[in-house]
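Below you'll find the structure, written out as structure tokens, and then a few comments.
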Amino acid sequence: MDSNIVPPQYFEKLVSQGIASIPEKFRRLLDNVAVVTAEEPTREQLRKGRTPRGTTLFGLYEGVPQTKRGPHYGAVLPDKITIFRVPIVEYAQNEEEVAAIVRDTVWHEIAHHFGIDEQRVREIEKLRRKRVSH
């Protein structure tokens, strides 16, 4: 899909809706994290995300997961979750799919904030898809 079909302002609204779709009991536990949007990942972000050549990122969590924060955690910049507009819009077939990918990407990156590693997040996502398809 052409990335101009979903303008940045509308994409930001989709990200806000994705955050709002997280159950309140988890949103309340978000701590020292900012969710932002960007057009595309930088080379540095692709490296941090361990993104294989020829692929891209929909989102990236950068920070100290809550499970790794010790008693001396404090006075640090917020963790950052970035949701990338162009890769998501170009991958999606339509606007409804853009909204679903944004929602799932926000969930995925927030899971990392709570300390869930990539392998476990993907396992949970598979289980979620199975439940939704039945």
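Values quoted throughout were computed directly from the atomic coordinates according to the rules given, and no laboratory measurement underlies them. A quick note: this is a predicted structure, and the numbers were derived from the prediction, not measured. Glycine also receives a Cβ, built like all others from the backbone with ideal geometry; neighbour counts cover every protein chain displayed.
Among LEU46, LEU29, LEU57, which one shows the biggest mean-square fluctuation in a GNM of the chain, springs joining Cα atoms closer than 10 Å?
LEU29
If you take every residue apart from TYR73 with its C-beta less than 12 Å away from the C-beta of TYR73, what net charge results, scoring Lys and Arg +1 and Asp and Glu -1?
On the way: positive: LYS68, ARG69; negative: ASP31, ASP79.
Combined, the nearby Lys, Arg, Asp and Glu give 0.
Considering only GLY49, GLY70, GLY18, give the residue with the highest GNM mean-square fluctuation for the chain, with springs between Cα atoms whenever their separation is below 10 Å.
Per the Cα network of the chain with a 10 Å cutoff, GLY70 tops the list.
Ranked by Cβ crowding within 10 angstrom, fewest neighbours first, how are ILE124, ILE101, ILE81, ILE22 ordered?
ILE124, ILE22, ILE101, ILE81
As a test of the formula, what do you get for the chain when each DSSP H run with n ≥ 4 contributes -39,500 (n - 2.57) and the sum is divided by the residue count, at 222 nm and rounded to the nearest 500 deg cm²/dmol? Write out the running numbers ahead of the final one.
Numbers: 6 runs with 65 residues, N = 134.
Value at 222 nm, helices only, nearest 500: -14500 deg cm²/dmol.
What lysines does LYS68 reach when the alpha-carbon gap must be under 30 Å and sequence neighbours fewer than 8 apart in one chain are set aside?
Leaving aside lysines fewer than 8 places away in the same chain, those within reach of LYS68 are LYS25, LYS48, LYS80, LYS126.
Write down the percent of antiparallel bridges among all DSSP beta bridges whose residues are both part of the chain, to the nearest 5. Each step should come with its number before you reach the end.
Details: 4 of 10 bridges.
Counting DSSP beta bridges with both partners in the chain, the antiparallel share is about 40 percent.
Along the charge dipole of the stretch 3-133, pointing to its positive end and built from +1/-1 on Cβ of Lys, Arg, Asp and Glu, which listed residue (VAL6, ALA92, GLY18) has its Cα farthest out?
Of VAL6, ALA92, GLY18, it is GLY18.
Based on Cβ point charges of +1 for Lys and Arg and -1 for Asp and Glu, what charge dipole magnitude is obtained for the stretch 3-133 about its Cα centre, in debye rounded to the nearest 20?
Values: 21 positive and 18 negative charges, 108 e Å.
The calculation lands at about 520 debye.
Mean separation of Cα pairs under 8 Å and 6+ residues apart, divided by the residue count of the stretch 27-134: what relative contact order is that in percent?
Numbers: 110 pairs, mean separation 34.2, N = 108.
That works out to 32 percent.
With all pairs of different alpha carbon atoms counted, what Kirkwood hydrodynamic radius in Å does the chain show?
On the way: mean 1/r = 0.0641 Å⁻¹.
Across the chain, the inverse of the average 1/r is 15.6 Å.
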